[in-house]
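None of the figures in this text is laboratory data; all of them are computed from the coordinates on show. On a predicted model such as this, the values are computed, not experimentally measured, just so you know. In this analysis, Cβ positions are derived from the backbone assuming ideal geometry, glycine residues included, and neighbour counts consider all displayed protein chains.
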Amino acid sequence: MTRTLRPILTCGMAKGNTNSVRRHVGHCPTCGNTAPQRIVYSHRHGITWYDDQGRGARGGPDIYSFLCICETCDAPVFYQGVDPNEDGSAWPPLAYPAVSEFGSEVPRNVRKIYDEAVKCKSHSPMAYALLIRKALEAICDDRGIEKAAGKKSDLYHRLQVLLSRGDVPPLLAGMTDALREFGNIAAHEDPNAITVPMTWPVHELFITIIEYIYIAPARLAELRQALKLDRPLKKL
């Protein structure tokens, strides 16, 4: 197992005493509740760390892992992070169920709305739909697409501007329109029409849009910087 050398959250317990805490209060992605979770197993192991020059070495911080059971829905929750003595964090980050967390390349307001949406996805799909629609509006705001006068002030026309400028390709334009309709149903029609299974593909589509608009360009910039490229990449 290998990891790049970067700080991640971890459990705030003394080294060599991973079984001293038997319960943890945290958010469960399965049921959407923040409640006590029972620790049923803990483990620590060493890994290979890499410096900025790509050189690997052992002897860095150990990795702490915790398997918990949500005492509300009985679902498993798994956490993993570095030695607490390294960063003094209260608890390691969530590893399972996987929840997409956007970094600083995604605008703060978009991240905030998305985080709220994820929390209610399992127990309030209608609220999730409304928040995803609001996140699309936040993307338009971030890209400088102002609300036009009259009928062209709605989200549909703002997304059309996003397409016409090339911010999203035609395929993703279809995705954004589907997400918009999803939010419209929650806002203007029977709220019971939105079900939990509907949120699953919506979640994947929204992440795809975010990755294309924000994350992929940021990763490309990082690669270009690492390769010290000062000119556009040649087409194959």
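If R0 equals 25 Å, the separation of the Cβ atoms of Asp115 and Leu171 corresponds to a calculated FRET efficiency of about 0.40.
Exposure proxy for Arg58, Arg133, Arg38: other Cβ atoms within 10 Å of each Cβ, ordered fewest to most, give Arg58, Arg38, Arg133. Packing around the peptides 154-166, 171-183, taken as the average count of other Cβ atoms within 10 Å per residue, puts them in this order, highest first: 171-183, 154-166.
Using the count of nearby Cβ atoms within 10 Å as a rough guide to exposure, how do His188, His27 rank from fewest to most?
Values: His188 8, His27 16.
Starting with the residue having the fewest Cβ neighbours, the order is His188, His27.
Cβ neighbours within 10 Å, averaged per peptide: list 122-131, 72-81, 196-205 in order, most packed at the top.
On the way: 122-131: 20.5, 72-81: 17.2, 196-205: 15.1.
In descending order of packing, they fall as 122-131, 72-81, 196-205.
A simple spin-label model places the labels of Ser104 and Gln160 3.8 nm from each other, with each point 7 Å out along Cα-to-Cβ.
Could you work out the relative contact order of segment 23-96? I mean the mean sequence separation of Cα pairs under 8 Å and 6+ apart, divided by the number of residues, in percent. Kindly include the intermediate steps, with their values, before the conclusion.
Working: 141 pairs, mean separation 18.5, N = 74.
That works out to 25 percent.
Model label points for Arg224 and Val196, set 7 angstrom from Cα along the Cα-to-Cβ axis, are 4.4 nm apart.
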